[in-house]
């Protein structure tokens with residue numbers, strides 16, 4: 001292959017030719033200038049780059065690039081994000097439940113968990129930082145308290161002594177654990193599948209399960225009274241349900257230590273002996 005620079009009329013142009021070394025026969029040749037060579041080279045590089053880009057962008061070849069997330073990685077990331085979000089919701093529910101227990105023990109009105117979660121779900125649609133979220137959450141709790149959850153308002157409360165109330169017997173049975181300072185509750189033994197009923201009108205502030213006490217129901221009544229039922233087999237009501245005195249709320253079972261109904265009665269933040277007001 002020979003490359004010669006042509007003179008005179010084609011000054012500045014070049015020629016590439018291919019000849020047979022033995023016979024010196026001309027096989028192929030091409031003429032070009034510096035400008036045409038540069039344009040051809042640039043066009044070739046651009047075309048090659050475009051082809052490579054299309055192959056990477058529109059074919060599965062891109063998954064072989066180190067560090068590029070494939071479909072499986074993306075799916076795993078989405079699933080992990082969903083799990084984290086679910087765990088955050090569970091933790092938040094437990095925090096609200098703990099807050100409700102504290103309020104119940106101190107004699108304060110409980111906070112309706114479902115309403116706060118729904119309200120927070122709406123505010124979560126907006127991109128707010130953590131400090132702003134905590135501020136809105138505090139304002140929401142104050143608003144909930146101001147609206148007096150479960151319709152137990154100061155106007156409707158009867159300022160009657162607990163002795164003046166008529167309590168409905170939760171279930172008929174034998175008291176196997178009496179009330180005392182060490183055991184501020186009573187255990188009432190009855191047959192399995194016995195229906196447990198609400199002792200007063202009220203609203204269920206918690207209905208759930210724990211490893212220590214089995215299924216549990218807590219009911220907020222008027223006059224700062226709370227009744228708690230533990231060791232239940234089946235729950236017939238859920239958190240937020242309103243019940244009347246004598247309404248079936250659960251079925252006694254064997255979800256913890258034996259079948260006795262663990263029954264607590266709270267008045268103004270302190271436990272009281274249920275046998276003083278209820279005949280079992």
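Per-structure values
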| read-out | value |
| --- | --- |
| FRET efficiency, 1/(1 + (r/R0)^6) with R0 41 Å, evaluated for residue 80 and residue 275 via beta carbons | 0.20 |
| Added length on full extension, which subtracts the Cα-Cα distance from 0.36 nm per residue, residue 14 to residue 36 | 6.9 nm |
| Full-extension gain in nm, residue 175 to residue 64, via 0.36 nm per residue minus C-alpha separation | 32.8 nm |
| Residue 163-residue 56 pseudo-label distance in nm [points 7 Å out on the Cα-to-Cβ vector] | 8.8 |
| FRET efficiency for residue 43 and residue 23, using Cβ-Cβ distance with R0 set to 35 Å, rounded to 0.05 | 0.50 |
| Gyration tensor verdict on segment 166-276 (Cα atoms; rounded if a/c is under 1.5, prolate if a/b is larger than b/c, oblate otherwise) | rounded |
| Cut-off 18 Å (backbone N to label point 7 Å along Cα→Cβ of residue 251), residues of segment 211-241 | 214-217, 230-238 |
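Read-outs throughout are calculated quantities, based only on the coordinates presented, and are distinct from any laboratory measurement. This structure is a prediction, so every number in the text was calculated from the model and none was measured. Using ideal geometry, Cβ is built from the backbone for each residue, glycine included, and neighbour counts are taken over all protein chains shown.
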